[in-house]
Amino acid sequence: MLELRGVRHVYEGRVVLDLAQFAVPRGSLIAIVGHNGSGKSTLLRLLALLERPTAGEVLLDGRVVWAGSASKGFLAGRPKGLPIGRPKGLPIGRARRRVTLVEQRPMLFRGTVRDNLGYGLRARGIRRTEMSRFMETVAERLGVTPLLERRRHELSDGEVQRVAVARALVVRPDVLLLDEPVSSADRAAAQALYRVLEAERRERGLTICLASHQLEDAYRWADDIRALAEGRLSPVTPENLFRVELPAAATAKPAGTKHVKVGPIEIAVMTDKIGPAILAVPPTDIFVSTVPARSSARNVFPGRVTRVARPRPGEVHVAADVGGGVELIAVVTEEAARELALVPGLPVVYAFKASAVRVF
Amino acid sequence: MDFLADGFRRALALLLSADAEVYGIAFLSFKVAVVATVIACGIGIPLGFVLATRAFWGRRVALTVVNTALAFPTVVVGLLLYGLLSRRGPLGGVGWLYTWQAIVVGDVLLALPIAAALSAAAVQGVDPRIRRTALTLGAGRWRAAWTVAREARFALAAVITAAFGQVVAEVGAAMIVGGNIRGETRTLTTAVALYTAQGDFGLALALGVILLVLALIVNVALQLLQGRGHA
């Protein structure tokens, strides 16, 4: 649906974003995780067509909306100048109407909440009667109906955030981009918001891309998680994720420890939660050895190396099948990889502590 | 200090007697100031928007030029305009020298940099998220600009006030290109200058008081137009 190709974005002489390819498929919910300053907000502004990338292209439905300002001289960004044989460019104004961004710490316009919710509809020349119907449905869903006559200085941060999401949903965009949408919300409000987004997705195929530093939400709601670090996609964080069903009671086991079935293997985790959850095994917490060793690690899995990758100098990603197609990725140093002579096919033992497993 | 008290007494008497000449002068001042303010703000505020929001080649230079123009001495503007409008000047054919239109042109030249520089600052003072939010909600360029203007309305009202203040108090250019002709181009400020020079302090003071009242009325009107104080 939305796609960035070969995008490099420079801000005040610094490369803040460098992505060979970033696609948001139609109807998906993509979560972008990363620390502050990792480029999440910039990425969202580029996807929202609010900023033109220094180099590279932004595409909507396969049509170029923006080509980088630095890439083609002063005619840059004019879809007219595109090479023959490619789909015609999409005018920026029309493209923008299909993609809406809710900023981190959003700002409401002057006027009442009702005025704010109607803004996008007025911009589209939609009649007043139709307007209120649209607005009331969305306001009801996000629980902002009691706030409709208030002004921005009469709202809490969490309420402003909810109003901003409502304001964006009222225009029924094809793509909704959210920058830390629940940063000011409590747990209940956050879950309520995600449920609304989920419903919009189910009912009309809304495409969502959100930035969050709350991994828990990302793991729970997104169907794809992309980690950003210093403006680049980083492969580490979203590995080793398993959707599981946590058993109700930890019988005859030390308090707090549960053995959770993941395919044919059982992973020991420390948690009091029950029901559906996501397990994340941090790749840096996995010990790789060639023989089993007696240790405190409660999770010990013999397996075979399937892949060895070196995304960055000095950092080796080792994937191993630890039984029945369950693949775990461990990150080791170049030195360790050499010493253990890690190559595909080698029998290895993966070990990690029950307390290293994160439960969401 | 006797003349001050005497001046106030005469001023009051003049104001109450509805002196035709005094009111004629006041009306001309008002007309010139309003027309000049409207033109200066009509050009200057959009210019300020462009300077504040659009990245173009030479933007910094343009901002510097505008800011420098803020300090332009009124008599110098009057002098240059005199050169342009005098019969041998390039615009002599228009025949505007010593007319109220010439004063308007001078005042516009003086108020334009104020309107442009202050509105650029006003627009830059608006959180950039406002414009981005307007655009992402589907607003076109004009609607987005209008939304930004609404957020900056106090600062923009101050721009109009400052521009009006400049032109209503301006005396140098008005004197040179208007000529201070009785019944035609005599404004409050040029009249005050003239009567003070002639030693008629009472009349000068009376006109000065009218000038202040005029400024007060315009400011109150602008305040009322801004509406409620809250966001």
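Kindly indicate which of B:Ala26, B:Ala62, B:Ala5, B:Ala33 is under 23 Å from B:Val123 (Cα atoms) and either aliphatic (A, V, I, L, M) or assigned to a loop (DSSP other than H, G, I, E, B) (or both).
None of the others qualify; the one that does is B:Ala62.
Conditions (1) under 20 Å from the mean Cα position of the chain (by Cα); (2) within 14 Å of another protein chain (Cβ to nearest Cβ), marked per residue:
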position	(1), (2)
B:Tyr98	yes, no
B:Pro113	yes, no
B:Ala121	yes, no
B:Gly140	no, yes
B:Val148	no, yes
B:Arg153	yes, yes
B:Leu156	yes, yes
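Is there a residue being more than 20 Å from the chain's Cα centre (by Cα) and of a type in the set (Phe, Trp, Tyr) anywhere in segment B:40-61?
yes
Can you pull out the residues in segment B:86-119 that are more than 22 Å from B:Gly44 (Cβ to Cβ), at pLDDT 90 or above and outside any loop (DSSP other than H, G, I, E, B)?
none
Are any residues in segment A:287-300 outside any strand (DSSP E or B) and either on the phi > 0 side of the Ramachandran plot or in contact with a Phe, Trp or Tyr (Cβ under 7 Å, 6 or more places away or on another chain) (or both), and if so, which ones? Even if it seems obvious, please write down each step before you answer.
Going through segment A:287-300, the residues outside any strand (DSSP E or B) turn out to be A:290-298.
The one that is outside any strand (DSSP E or B) and either on the phi > 0 side of the Ramachandran plot or in contact with a Phe, Trp or Tyr (Cβ under 7 Å, 6 or more places away or on another chain) (or both): A:Ala297.
Scanning for something among the hydroxyl-bearing types (Ser, Thr, Tyr), within 13 Å of another protein chain (Cβ to nearest Cβ) and out of contact with any strand residue (DSSP E or B) (no Cβ under 8 Å at 6 or more places or on another chain), does segment B:76-83 turn up at least one residue?
Within segment B:76-83 (the criterion being among the hydroxyl-bearing types (Ser, Thr, Tyr), within 13 Å of another protein chain (Cβ to nearest Cβ) and out of contact with any strand residue (DSSP E or B) (no Cβ under 8 Å at 6 or more places or on another chain)), the answer is no, since none of the residues qualifies.
Within segment B:163-171, does at least one residue satisfy the condition of being of a type outside the set (Ser, Thr, Tyr) and touching a Phe, Trp or Tyr at 6+ places or on another chain (Cβ under 9 Å)?
Here is the first cut: in segment B:163-171, the residues of a type outside the set (Ser, Thr, Tyr) are B:163-171.
Then drop every residue that is not touching a Phe, Trp or Tyr at 6+ places or on another chain (Cβ under 9 Å), which leaves B:168.
Yes - at least one qualifying residue is present in segment B:163-171.
Per-residue answers, yes or no, for (1) in contact (Cβ under 8 Å) with a residue 40 or more places away in the chain; (2) of a type outside the set (Phe, Trp, Tyr); (3) within 14 Å of another protein chain (Cβ to nearest Cβ):
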position: A:Gly6; (1), (2), (3): yes, yes, no
position: A:Ala23; (1), (2), (3): no, yes, no
position: A:Asn36; (1), (2), (3): yes, yes, no
position: A:Arg45; (1), (2), (3): yes, yes, yes
position: A:Gly56; (1), (2), (3): yes, yes, no
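Condition first: hydroxyl-bearing (Ser, Thr, Tyr) and under 17 Å from B:Ile25 (Cβ atoms). Now tell me which residues in segment B:156-211 satisfy that.
Across segment B:156-211, the qualifying residues are B:Thr185, B:Thr187, B:Thr189, B:Thr190, B:Tyr195, B:Thr196.
Being part of a loop (DSSP other than H, G, I, E, B), of a type outside the set (Lys, Arg) and either crowded, with 16+ Cβ neighbours inside 10 Å or out of contact with any Asp or Glu (no Cβ under 9 Å at 6 or more places or on another chain) (or both) is true for just one of A:Gly325, A:Gly303. Which residue is that? Explain how you work it out, then say what you get.
Numbers: A:Gly303 fails: part of a loop (DSSP other than H, G, I, E, B).
Result of the check over A:Gly325, A:Gly303: A:Gly325.
Consider B:Ser86 carefully, then state whether it is buried (at least 18 other Cβ atoms within 10 Å of the Cβ) and either within 30 Å of A:Glu51 (Cα to Cα) or of a type in the set (Gly, Ala, Ser) (or both). Break it down into steps so the answer makes sense when it comes.
Numbers: buried (at least 18 other Cβ atoms within 10 Å of the Cβ): no; either within 30 Å of A:Glu51 (Cα to Cα) or of a type in the set (Gly, Ala, Ser) (or both): yes.
Judged against the criteria, B:Ser86 is not a match.
Considering only segment A:28-40, state which residues are open to solvent by less than 30 Å² (accessible area, probe 1.4 Å) and either of a type in the set (D, E, K, R) or outside any strand (DSSP E or B) (or both).
A:Ser28, A:Gly34, A:Ser38, A:Gly39, A:Lys40, listed by residue number.
What helices (runs of 4 or more DSSP H), lying completely within segment B:152-231, carry at least 2 residues that are of a type outside the set (A, V, I, L, M) and within 28 Å of B:Ala5 (Cβ to Cβ)?
Answer list for segment B:152-231: B:188-197, B:201-226.
Limited to segment B:124-138, what total is found for residues that are open to solvent by less than 10 Å² (accessible area, probe 1.4 Å) and more than 7 Å from every other protein chain (Cβ to nearest Cβ)?
1
If a residue has to be at pLDDT 90 or above, at the interface with chain B (Cβ under 8 Å from one of its Cβ atoms) and more than 19 Å from the chain's Cα centre (by Cα) to count, how many in segment A:83-105 make the cut?
2
So how many residues does segment A:328-360 have that are of a type in the set (Val, Ile, Thr) and in a loop (DSSP other than H, G, I, E, B)?
Residues that pass the stated criteria total 2.
For segment A:175-184, does any single residue satisfy the condition of being over 19 Å from the mean Cα position of the chain (by Cα) and open to solvent by less than 50 Å² (accessible area, probe 1.4 Å)?
Within segment A:175-184, the first condition is being over 19 Å from the mean Cα position of the chain (by Cα), and the residues that meet it are none.
Within segment A:175-184, not a single residue is over 19 Å from the mean Cα position of the chain (by Cα) and open to solvent by less than 50 Å² (accessible area, probe 1.4 Å).
Report yes if B:Ala71 is open to solvent by 70 Å² or more (accessible area, probe 1.4 Å) and of a type in the set (Gly, Ala, Ser), otherwise no.
Yes; evaluated as a whole, the condition is true for this residue.
Tell me the helices (runs of 4 or more DSSP H) entirely within segment A:91-191 that contain at least 3 residues that are in the same structural domain as A:Ala211 (by TED's automatic domain parsing) and in contact with a Pro (Cβ under 8 Å, 6 or more places away or on another chain).
On the way: elements: A:92-96, A:113-123, A:128-141, A:157-170.
It comes to A:157-170.
The values are calculated or read from the model by the stated rules, or taken from the named source; none is laboratory data. Only a predicted model underlies this, so the values are computations on that prediction, with no experimental measurement involved. Virtual Cβ from ideal backbone geometry, glycine too; neighbours counted across all protein chains shown. Please note that ligands, DNA and RNA were not included when accessible areas were found on the heavy atoms of the full protein model with its side chains. Shrake-Rupley method; radii C 1.70, N 1.55, O 1.52, S 1.80 Å.
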